[in-house]
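Heads up: the structure comes next, in C-alpha cells.
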Amino acid sequence: MSTNQRDPSAEALRFDNVTLEFPGSHQPAIQDVTFRVARRKLVAVIGPSGCGKSTILNLAAGLLSPTRGQVHFDGERVTAVNSSAAYVTQQSHLLPWLSVKANIGLALKFRKVPKDERDERVAHWVKVVGLTGFEDHYPRELSGGMQKRCAIARALIYDPSIVLMDEPFGPLDAITRLKLQQDLLNLWQEQEGTLVFVTHDLNEAIYLADEVVVMSKGPGTVTRVLRVPFERPRSIGSLVDSHEFSEIYNELWSVFKSEIDLSGASAGAR
Ligand SMILES: Nc1ncnc2c1ncn2[C@@H]1O[C@H](COP(=O)(O)OP(=O)(O)OP(=O)(O)O)[C@@H](O)[C@H]1O
Ligand SMILES: [Mg+2]
C-alpha cells in the first residue's frame, strides 16, 4: 500500500462500496464500486458500454447520489453538486450563443472574478489551448477538436481541484486525438491537478493515466486497478515504441477482452 493510500489527506476522491440503482431498473447500474484517486494523479476508467463509467463521473460530480455506499471528495462526503469539480462531458456542451472567449470565461464570471483579471486569464487559456485568432468565433464555427480545446480551457481556467472528463477525445479522428492527448499531458505537467477520465481507448488510458480502473458490466463493478509506471513528463511518441508500453498494453488487454464480446472478430492488435 502506498503512503498516499494510507494518508486520507492525500486522497482526492474515494468510492466505498457504491451501488446505484436507477428507479424502475431491474438491476443496479453499478454495484459495490470501491476505488480511490490520490491527489494530483490521473486515473482512467475503462470498461464496456453501459458498465457505469458516466454514472461514476456523475456521482463524483454530485449529480447523482448513491443508493448504498459513499462517495468522498477531499475527505468530505459528496451530498450535493461538487463545486470543486470541473466536468467536461462527451458533447463538450459549449453555449452556442457565446463566443469562444465568453465560453472559456464563464466559470470566472459566475465566480464574480473582476473583468480585467477575467480577460487576462481567458487570453492566457486561449493561447494555452491553441485557439488564438478564434476568440470571437462561435462554437458552430469551430472544428470538433477546437470545440474540445475550448471545453478543456473552460474547465481548467478556474483551477478546479479535480477535473472529470467523459471520453474527452471520443468523437475525434486519430491524429487530432493524438495531438490533444499530448497537449493534455503537457498541460498536466504544469497544472498538477487531479484528473479522472473515462475512455474506451486502451492506448489513451496508458498514455495519460497513473492508474487504470477496469470495469465490467451487468451490474458495473471494478474488476481491476492497474498501475501505469511511466515517469512524467511523458512523450506519447517515445512511449509507443517502448517495450514497457507493449507489456502494459497486453496486460490491460488481457483484462479488458474478457469484458467484451468479440465472437467472430479478430481484435486485439493495436
Ligand atoms: N438516467 C438513467 N435512468 C435509468 N438508467 C440509466 C440512466 N443513466 C444510465 N442508466 C443505465 O445505467 C447503466 C450505466 O450507464 P452509463 O451511462 O453510466 O454507462 P457507460 O459505461 O458510461 O456507457 P457508455 O460507454 O456507452 O457511455 C446502463 O445500463 C444505463 O442504461
Ligand atoms: Mg458514458
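Each reported figure results from applying straightforward, stated rules to the coordinates on display, with no laboratory input. Keep in mind that what you see is a predicted model, and the values were worked out from it rather than measured. With ideal geometry, Cβ positions are generated from the backbone for all residues, glycine too; neighbour counts draw on all protein chains shown.
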By the gyration tensor of its Cα atoms, with a ≥ b ≥ c the square roots of the eigenvalues, what is the shape of region 53-144: rounded for a/c under 1.5, prolate for a/b over b/c, or oblate? prolate
What distance in nm separates the two pseudo spin-label positions at LEU95 and GLN191, each 7 Å out from Cα along the beta-carbon direction? 2.1
Relative contact order of region 161-270: what whole-number percent is it, with Cα pairs under 8 angstrom and at least 6 residues apart? 23
How far apart, in nm, are the 7 Å Cα→Cβ label points at GLU135 and ARG68? 5.5
CD proxy at 222 nm, helix term only [per DSSP H run n ≥ 4: -39500 (n - 2.57); per residue of the chain; nearest 500]: -10500 deg cm²/dmol
Non-local amide H neighbours of THR19 (under 5 Å, H modeled in plane, Pro and chain starts lacking H): which ones? ASP32, VAL33, THR67, ARG68, GLY69
Rounded tilt (10° steps) of 243-256 against the dominant C-alpha axis of the chain: 70
Give me, ordered by chain and number, the residues 5 or more places off VAL78 or on other chains with an amide H under 5 Å from its own placed amide H. VAL71, HIS72, PHE73
Cut-off 13 Å between beta-carbons: net charge of the residues surrounding GLY105, Lys and Arg +1, Asp and Glu -1: +2
Could you give the length gained on full extension between LYS112 and SER143, defined as 0.36 nm per residue of separation minus the Cα-Cα distance, in nm? 8.2 nm
Quick one: LEU63, LEU195, fewest Cβ neighbours within 10 Å first, how do they rank? LEU63, LEU195
How big is Rg to Rh over region 102-160, alpha-carbon atoms, Rh as the Kirkwood inverse-mean-distance radius? 0.94
Gyration tensor on Cα atoms of region 77-210, a ≥ b ≥ c root eigenvalues, a/c under 1.5 rounded, else prolate if a/b beats b/c, else oblate, says oblate
How far is helix 115-128 tilted, in degrees, relative to the longest principal axis of the Cα atoms in the chain, given as a value from 0 to 90 rounded to the nearest 10? 60
Straight-line reach only, C-alpha to C-alpha below 21 angstrom: list the lysines that LYS148 could link to, leaving out same-chain residues fewer than 8 apart. LYS53, LYS101, LYS109, LYS127, LYS179
Provide the net charge surrounding HIS72, with neighbours chosen by a C-beta distance below 12 Å and charges set as Lys +1, Arg +1, Asp -1, Glu -1. -1
Given contacts defined as C-alpha pairs under 8 Å and at least six residues apart, what's the relative contact order of the chain, whole-number percent? 24
Taking the Kirkwood radius as the inverse of the mean 1/r across Cα pairs, report the Rg/Rh of region 176-270. 0.97
If you line up the long axis of helix 174-191 against the longest principal axis of the chain, both from Cα atoms, how many degrees apart are they, to the nearest 10? 80
Taking only the Cα positions of the chain, the convex hull volume per residue in Å³ is 150
Using a Förster radius of 35 Å, what is the FRET efficiency between VAL81 and VAL240 based on their Cβ-Cβ separation? Nearest 0.05, please. 0.35
With a ≥ b ≥ c taken as the square roots of the eigenvalues of the C-alpha gyration tensor of region 138-192, please select rounded if a/c is under 1.5 and otherwise prolate if a/b is larger than b/c or oblate if it is not? oblate
At a threshold of 8 angstrom on Cα-Cα distance, excluding pairs fewer than six apart, so keeping six or more, what relative contact order does region 1-145 reach in percent? 20
What length, rounded to one decimal in nm, is gained on full extension from ASP159 through to ASP173, with 0.36 nm per residue of separation minus their alpha-carbon distance? 2.2 nm
For ASP159, what is the net charge nearby, where nearby means another residue's Cβ is under 15 Å from its Cβ and Lys, Arg count +1, Asp, Glu -1? +1
